[in-house]
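Single-structure report; data block below.
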């Protein structure tokens with residue numbers, strides 16, 4: 001009897017060892033199959049689908065999901081959620097409480113009867129969830145995501161072997177998923193850069209392609225965006241009887257949003273110039289249209305003038321823009337400030353206009369605040385006094401030379417400090 005009992009125990013031990021070896025072989029097969037499958041793809045979504053399907057097969061579960069997250073001051077934000085289900089069941093949702101637990105503990109978590117689990121009191125679980133197994137996706141000691149499977153098919157709980165195998169799968173997969181995500185982010189960034197480049201070209205095409213030619217006048221303008229595209233704007237709009245509308249504006253913000261508002265402003269002004277001869281009327285109409293078509297935090301400053309080369313006068317209005325410098329040949333000067341508030345602040349606002357005369361040699365310089373507010377590494381602004389002195393000392397130069405000089409001096413002042421705002425300048429001089 002004793003010999004039979006020993007023999008029976010030996011058989012059982014041998015059977016257990018065979019089952020353990022068979023499971024180990026199956027696990028190695030699963031992991032090898034997974035490695036080959038995910039190694040053949042660079043598509044993040046496809047890789048995650050493969051991982052979930054292999055995981056469901058490995059632990060015999062109904063549904064799985066991978067949630068990629070980022071750490072924002074210890075709060076979890078879902079970036080990507082990929083779900084695969086082997087059963088005709090509603091899509092289960094990974095509760096924020098599970099994400100928070102995984103963020104704190106960073107280890108496998110098995111939940112049986114989740115509605116009764118004291119660790120998750122108050123959590124409203126989907127009715128169809130009976131068992132849950134979560135494992136972290138760790139990259140360089142940081143949580144990058146969570147692999148979760150729901151409902152073991154045989155109705156049993158997930159075992160420690162299931163936890164161990166799913167943890168191995170997550171460890172093998174985390175860096176691959178992260179690499180695929182980074183590749184896709186790089187592709188998206190490259191595409192965005194291409195789109196920004198196209199937007200910059202479109203914006204450049206919207207600006208005058210060359211300096212305008214007006215008999216008896218020398219006119220030039222230049223803009224330098226702080227980013228690839230900017231929110232500064234200038235334009236020359238021919239009008240009836242040889243007059244010329246001159247615009248220089250600065251819309252709120254920088255980059256692509258500012259450029260879109262700039263294009264809106266340009267289209268609005270060009271349309272209103274056709275129906276409004278007086279600058280104040282043009283700004284009244286443009287302000288109302290801009291107010292109605294933009295959000296409350298968007299606005300624009302603008303200098304708008306109409307040059308009459310026959311009478312040698314300019315009628316102008318200034319909507320909250322930096323005051324231009326009107327410099328006479330005798331070095332006397334005044335600042336053009338008549339107008340009103342910035343465009344887009346209030347729907348109803350009455351702008352005023354005024355008129356100046358151009359004598360031979362008179363110079364008008366219109367600039368954006370990117371010039372006066374340009375800072376050096378000591379946080380000192382270029383300033384309007386410095387700009388005024390520079391213009392007075394060099395008023396005899398051509399307008400192109402004046403613009404080049406101002407830009408050069410602003411850059412010299414800023415030194416190693418990067419340009420923080422768009423720079424735009426226009427100069428008009430009567431030559432005869």
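Just a few scattered comments:
- From least to most packed, judged by other beta carbons within 10 angstrom and beginning with the fewest, 102, 375 follow the order 375, 102.
- Once the mean of 1/r is taken over each pair of separate Cα atoms and inverted, segment 281-322 shows a Kirkwood hydrodynamic radius of 11.8 Å.
- The value of relative contact order for segment 229-308, using C-alpha pairs under 8 Å at least six residues apart, is 39 percent.
- Its Cα gyration tensor gives segment 300-417 an equivalent ellipsoid, and the semi-axes of that ellipsoid, as √(5λ) in whole Å with the largest first, are 26, 21, 10.
- Across segment 197-430, Cα-Cα distances exceeding 32 Å account for 14% of all pairs.
- Looking at segment 239-371, the pairs of alpha carbons with a distance over 23 Å make up 31% of the total.
- Between segment 362-432 and segment 92-158, the Cα center-to-center distance that results, in Å: 62 Å
- Computed over segment 287-345, relative contact order equals 41 percent, with contacts defined as Cα pairs under 8 Å that lie 6+ residues apart.
Every read-out reported here was derived from the displayed coordinates using simple, explicitly stated rules and does not represent laboratory data. Since the model is a prediction, treat every value here as computed from it, not as a measurement. Quick reminder, even Gly has a Cβ in these numbers, built from the backbone with ideal geometry, and neighbours come from all protein chains shown.
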